[in-house]
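Colleague: Sharing a structure below in structure tokens format, with a few things to ask.
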Amino acid sequence: MYVRDARQDDLSGITALYNAGLETTTRAWTEIPYTVSERETWLAAQQRSGWPAIVAVQHDDVVGCASYADFRDSVRWPGYRRTVEHSIHVREDHWRAGIGRAPMSDLMTRASQAGLHVMVGGIDADNVGSIRFHERLGFVEVARMPEVGEKFGQRLDLVLVQRILDASLV
């Protein structure tokens, strides 16, 4: 497995990762699948903004992807300019195989090198595996927001985790 910047030819794999479990889980609070075209627009925006989009590749298959972007709107609210929100997706048949650690380490290193100070993640409270994964990477739970989401007719709690980035990452 290796990690690299996402490319156009990765978009179908990235789209599949984002869509996995949409119809059966609350990991993502939408039932509307992404299209490859929407992911293409997202990747172009990431690249224009200088935000990373990273893939984990094994045997020419995209098995993980990670990215970060603005937390809130740092143009309108410049006080947030050193804080980013990240996203990480790993193909389910590769969970607990160390696939997520490499792209997240790369993401945190890039954020630190870019002068960013805090990385934030929002996780469905029922996704205990993701919360534990983030804890192993040094993230701490900083908020639990009851019933702020809804899917499948049930109210959902959001867990916010964050990691303060420091020079030890570079």
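Colleague: Any chance region 21-31 includes a residue that's outside any loop (DSSP other than H, G, I, E, B) and either over 15 Å from the mean Cα position of the chain (by Cα) or on the phi < 0 side of the Ramachandran plot (or both)? Please lay out each step first, then the result.
Modeller: We begin by selecting, within region 21-31, every residue outside any loop (DSSP other than H, G, I, E, B); these are none.
The answer is no, given that none of the residues of region 21-31 is outside any loop (DSSP other than H, G, I, E, B) and either over 15 Å from the mean Cα position of the chain (by Cα) or on the phi < 0 side of the Ramachandran plot (or both).
Colleague: Right, here's the next one. With the requirement that a residue be within 17 Å of R27 (Cβ to Cβ) and of a type in the set (A, V, I, L, M), what does region 73-106 give you?
Modeller: Selection gives I88, V90, I99, M104.
Colleague: Name the pairs whose Cβ atoms lie under 8 Å apart, with the first residue in region 40-54 and touching a residue at least 12 places away in the same chain (Cβ under 8 Å), the second part of a helix (DSSP H, G or I) and among the acidic types (D, E), and 6 or more positions between them or separate chains?
Modeller: P52/D106; I54/D106
Colleague: Mind counting the residues in region 137-170 that are surrounded by fewer than 19 Cβ atoms within 10 Å (Cβ to Cβ), more than 18 Å from A69 (Cα to Cα) and either in contact with an Asp or Glu (Cβ under 7 Å, 6 or more places away or on another chain) or modelled with pLDDT of 95 or more (or both)?
Modeller: Matching residues across region 137-170 total 21.
Colleague: Same structure, new question: Of the residues R48, R39, R72, only one is among the charged types (D, E, K, R), outside any strand (DSSP E or B) and under 27 Å from I164 (Cβ atoms); which?
Modeller: Details: R48 fails: under 27 Å from I164 (Cβ atoms); R39 fails: under 27 Å from I164 (Cβ atoms).
Answer to the selection: R72.
Colleague: A follow-up question, please. Give the residue that is farthest from L11 (Cα to Cα), with candidates limited to residues of region 65-89 that are of a type in the set (V, I, T) and at pLDDT 95 or above. Steps first, answer last, please.
Modeller: So in region 65-89, the residues of a type in the set (V, I, T) come out as 75, 83-84, 88.
Subsequent filtering for residues that are at pLDDT 95 or above retains 83-84, 88.
Numbers: T83: 26, V84: 23, I88: 15 Å.
In this case the residue turns out to be T83.
The values are calculated or read from the model by the stated rules, or taken from the named source; none is laboratory data. Remember, predicted model here, so these are calculated numbers, not experimental data. A quick note on method: Cβ atoms are made from the backbone with ideal geometry, for glycine too, and the neighbour counts reach across all protein chains shown.
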